[in-house]
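Chemist: Sharing a structure below in structure tokens format, with a few things to ask.
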Amino acid sequence: MTEKDEYKAEKIQALEGLEAVRKRPAMYIGSLGGRGLHHLVYEVIDNSIDEALAGFCTQIKIIIHKDGKVSIADNGRGIPVDIHPKFNIPAVQVVMTKLHAGGKFDKKAYKVSGGLHGVGISVVNALSSELIVEVRRDGKLYRQSYSRGKPTSELKEISDTKETGTTIIFQPDYEIMEKNEFDYDTLSFRFRELAFLNPGVEIKIIDERTGKKHDFCYEGGIKSFVQYLNKNKEILHQPIYISKKTDDIEVEVAVQYNDSFNESIYSFVNNINTIEGGMHLNGFKTALTRVANKYLKDNKIEKLTLSGADIREGMTAVISVKIPDPQFEGQTKTKLGNSEVKGIVDSIVTQGLNTYFEENPVVAKQIMQKSINAAQAREAARKARELARRKGALDSGNLPGKLADCSSKDPAKSELFLVEGDSAGGSAKQGRDREFQAILPVFGKILNVEKARLNKVLTSDKLRTVISAIGCGIGDEFEIKKARYHKVILMADSDVDGSHIKTLYLTLFYRYLRPLIEGGYLFVAQPPLYQIKKGKASYYALDEKQKDQILKELGEKCSLQRYKGLGEMNPKQLWETTMDPQKRKLLKITIEDAIQADTIFTMLMGDKVEPRKDFIQQHAREVANLDI
Ligand code: 0RA
């Protein structure tokens, strides 16, 4: 084979690469829905972040255009434009058309591995009906356009410029992607996170459809991140910050305690949120537990051994490591597997915390006291649980009297409705299909678990009833496989009180029965707001929009009834509109993002009033059917 043939062969291979992306796109970006769509933007911005990590880029600007395109502009070095010796085309064209081509040029110690999939910018090109790349480099502005991964022009020199950097504008290919719009809040959330994780980098977003814009830039890095996470909480001290950078690994930890009982630790590897944790998180936890227990002992504060959970109660922390060759494991590939990282993080955190405790004895004693309280409360909870167990109050062997159980014993087919109010409970009992639907009437407001520890939860009759009906236990002893129903459905009025009750229950599930949410077992029923009658036919509308639409379609001579509560519906209506699996629309509760969910719950249920007011004013509509 001549050299020329060889080059041709490789070029063809490169093109085939992108064809493969178009044939099996989900393999490269995970989904073709909203998530995949936003992933395309993350893929591009990760390359700009790499430039920033290498020390050449300080600003990234993202614009959502009115026509649905997105542009990402940075002030990095610009993608090289010189002719690639092997492919005989400009390097930028190689980057845009060859899978994983990016890494070939540079010898950086580590890179953001391109979101979870690490696929490179060519994938975005392959999945765009139109893409333009502009490079500012060596005093010139260059431009090239593409469609569906193939160049539609040569790389052209456009003008002179003193600036450097890269701009990519793309229109997602809606022949492949499901038609979806870019969401300002989703993108902003990720950009804020990236700005925290890469201090000093300025990330601007502008939404030209609405005029919304935001500038994210945090000189304080993850110190600012924990302050942001704690912004609605009462904090105990300024953030503790520990960091160490060697040639091929960078470790950063920020910790700040608040007066709540919750543990919120977020870990990242190369800017990727490692939801499933891994070696870096293990190293951190091990070090923290060891250092705290040693401090207790050395300072003779109290003769007891703290568990890791005791020390982490009320702690907000961010751990960020940057390493050259991350191995991601686990179900969602968000668990760091590199075992060497555990010892490195452990030793850096041990040293850092020891120094901090030595230099800040007041804070150290505060944290110790909080941990001791936690240990004592945990012991009390253990006893309360023991007592509850002895009385059988938590097992399903001793089902609450109020529960109208279903006859099916198959959890996968069974549903539990938690119904607010006596009359609604009565209607639900009569209207249900008793084969697979169980009804547990619940009454009024329950304990706000956001402000209570487990032992207090266990002393509440109302909560114990719910826990024993579900059958999984609670807290550390929770066992999802014991669930007696695979659908637990909250059903309350669509008014302010009903929303409050739903939110209280959501908080209970989020803080103490979270695996039920993670397993996709928790739902909110959506009873209709209106009944519209025309002659003998009746129609139901979930919201104003639907009501207006139905009224328009039906024309004149309709009667309209607004339901104030579930109780106004007779058993048959309740079945038809809200309970019948064939007709109802359930809202599945998911934890899209733990950080967001956590912030929302603190805001809705915590002590500070102002942030709650602001949030409710801003999200008045969504709060009614909070979907986290
Ligand atoms: C390859 C090599 C170099 C930079 C880049 C790619 C690069 C890619 C993107 C994508 C968006 N913004 C970007 N900025 C840079 C290194 C260039 C050099 O050595 O000068």
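Chemist: Six or more apart or on different chains, Cβ under 6 Å: which pairs go from a residue in the range 75-87 that's farther than 22 Å from PHE56 by Cβ and hydrophobic (A, V, I, L, M, F, W, C) to one that's near the ligand (Cβ under 9 Å from one of its atoms) and in a loop (DSSP other than H, G, I, E, B)? Could you list them?
Modeler: Listed by first residue and then by second, the contacts come to nothing, as the list is empty.
Chemist: Out of the range 41-56, which residues are within 7 Å of the ligand (Cβ to nearest atom) and not acidic (Asp, Glu)?
Modeler: If the condition is that a residue be within 7 Å of the ligand (Cβ to nearest atom) and not acidic (Asp, Glu), then VAL44, ASN47, SER48 are the ones that fit.
Chemist: What are the residues in the range 228-250 that are within 17 Å of THR316 (Cα to Cα) and in a strand (DSSP E or B), if any?
Modeler: ILE235, ILE240, TYR241, ILE242, SER243
Chemist: Filter the range 128-140 down to the residues that are surrounded by fewer than 18 Cβ atoms within 10 Å (Cβ to Cβ), under 10 Å from THR164 (Cα atoms) and more than 10 Å from the ligand (Cβ to nearest atom) and list them by number.
Modeler: Within the range 128-140, GLY139, LYS140 qualify.
Chemist: What number of residues within the range 587-608 are at pLDDT 75 or above and surrounded by fewer than 18 Cβ atoms within 10 Å (Cβ to Cβ)?
Modeler: Summing the residues that are at pLDDT 75 or above and surrounded by fewer than 18 Cβ atoms within 10 Å (Cβ to Cβ) in the range 587-608 gives 5.
Chemist: Also: May I ask you to say which residue of GLY76, GLY36 is more than 15 Å from the ligand (Cβ to nearest atom) and either assigned to a helix (DSSP H, G or I) or not hydrophobic (A, V, I, L, M, F, W, C) (or both)?
Modeler: Checking each option against the conditions leaves just GLY36.
Chemist: Any residue at all in the range 172-192 that's in a loop (DSSP other than H, G, I, E, B), in contact (Cβ under 8 Å) with a residue 24 or more places away in the chain, within 16 Å of the ligand (Cβ to nearest atom) and within 18 Å of THR58 (Cα to Cα)?
Modeler: no
Chemist: Going through the range 460-476 one residue at a time, which ones are among the hydroxyl-bearing types (Ser, Thr, Tyr) and either touching a residue at least 60 places away in the same chain (Cβ under 8 Å) or buried (at least 22 other Cβ atoms within 10 Å of the Cβ) (or both)?
Modeler: Once the filter is applied, which keeps residues that are among the hydroxyl-bearing types (Ser, Thr, Tyr) and either touching a residue at least 60 places away in the same chain (Cβ under 8 Å) or buried (at least 22 other Cβ atoms within 10 Å of the Cβ) (or both), the range 460-476 yields THR465, SER468.
Chemist: Could you check the range 267-319 and list, in sequence order, the residues that are in contact with a strand residue (DSSP E or B) (Cβ under 7 Å, 6 or more places away or on another chain) and within 19 Å of GLU358 (Cα to Cα)?
Modeler: PHE284
Chemist: Cβ contacts < 7 Å: first residue part of a helix (DSSP H, G or I), restricted to the range 406-432; second residue among the charged types (D, E, K, R), any location; separation 6+ or different chain. Result?
Modeler: PRO411/ARG484; GLY431/LYS572
Chemist: Shifting gears a bit: How many residues does the range 57-69 contain that are away from the ligand (no atom under 13 Å from the Cβ) and among the hydrophobic types (A, V, I, L, M, F, W, C)?
Modeler: Count: 2.
Chemist: Quick check, is ILE480 aliphatic (A, V, I, L, M), surrounded by fewer than 21 Cβ atoms within 10 Å (Cβ to Cβ) and under 26 Å from the mean Cα position of the chain (by Cα)?
Modeler: Answer is yes for this residue.
Chemist: While we're here: If a residue has to be out of contact with any helix residue (DSSP H, G or I) (no Cβ under 7 Å at 6 or more places or on another chain), modelled with pLDDT under 85 and part of a helix (DSSP H, G or I) to count, how many in the range 478-507 make the cut?
Modeler: Of the residues in the range 478-507, 4 are out of contact with any helix residue (DSSP H, G or I) (no Cβ under 7 Å at 6 or more places or on another chain), modelled with pLDDT under 85 and part of a helix (DSSP H, G or I).
Chemist: State whether the residues of the range 232-249 include one that is basic (Lys, Arg), within 22 Å of the chain's Cα centre (by Cα), buried (at least 16 other Cβ atoms within 10 Å of the Cβ) and within 28 Å of ARG190 (Cα to Cα).
Modeler: Within the range 232-249 (the criterion being basic (Lys, Arg), within 22 Å of the chain's Cα centre (by Cα), buried (at least 16 other Cβ atoms within 10 Å of the Cβ) and within 28 Å of ARG190 (Cα to Cα)), the answer is yes, since at least one residue qualifies.
Chemist: Let me ask something else about it. Just to be sure I understand the filter: pairs with C-beta atoms under 6 Å, separated by 6 or more residues or on different chains, first member in the range 563-581 and under 15 Å from ALA541 (Cβ atoms), second member surrounded by 15 or more Cβ atoms within 10 Å (Cβ to Cβ). Which pairs pass?
Modeler: The qualifying pairs are THR577/PRO528; THR577/TYR540; THR578/ALA525; THR578/PRO527; THR578/ARG584.
Chemist: I need every pair where a residue in the range 51-66 that is within 16 Å of ILE121 (Cβ to Cβ) and at pLDDT 95 or above has its Cβ under 8 Å from the Cβ of a residue that is more than 9 Å from the ligand (Cβ to nearest atom) and of a type in the set (Lys, Arg), sequence separation at least 6 or different chains.
Modeler: Final answer for the pair search is ILE60/LYS204; ILE62/LYS204.
Yes or no, residue by residue, for (1) within 33 Å of the chain's Cα centre (by Cα); (2) at pLDDT 90 or above; (3) within 30 Å of LEU454 (Cβ to Cβ):
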| position | (1), (2), (3) |
| --- | --- |
| LYS335 | yes, yes, yes |
| ASP346 | yes, yes, yes |
| LYS365 | no, yes, yes |
| ARG390 | no, no, yes |
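Chemist: Among the residues that make up the range 435-451, is at least one of them surrounded by fewer than 21 Cβ atoms within 10 Å (Cβ to Cβ), of a type in the set (Lys, Arg) and closer than 23 Å to ARG484 by Cα?
Modeler: Checked the range 435-451: no residue is surrounded by fewer than 21 Cβ atoms within 10 Å (Cβ to Cβ), of a type in the set (Lys, Arg) and closer than 23 Å to ARG484 by Cα.
Chemist: Just checking, which of TYR510, TYR540 is at pLDDT 90 or above and either out of contact with any Gly (no Cβ under 9 Å at 6 or more places or on another chain) or part of a loop (DSSP other than H, G, I, E, B) (or both)?
Modeler: TYR540
Chemist: If I filter the range 156-167 for residues that are touching a helix residue (DSSP H, G or I) at 6+ places or on another chain (Cβ under 7 Å), of a type in the set (Ser, Thr, Tyr) and more than 13 Å from the ligand (Cβ to nearest atom), do I get at least one hit?
Modeler: no
Chemist: For the list (1) outside any helix (DSSP H, G or I); (2) among the polar types (S, T, N, Q); (3) crowded, with 17+ Cβ neighbours inside 10 Å, I need the number of the one condition that SER371 fails.
Modeler: (1)
The values are calculated or read from the model by the stated rules, or taken from the named source; none is laboratory data. Treat the numbers as computed from the prediction; the structure is a model and nothing was measured. We place every Cβ from the backbone using ideal geometry, glycine too, and count neighbours over all the protein chains shown.
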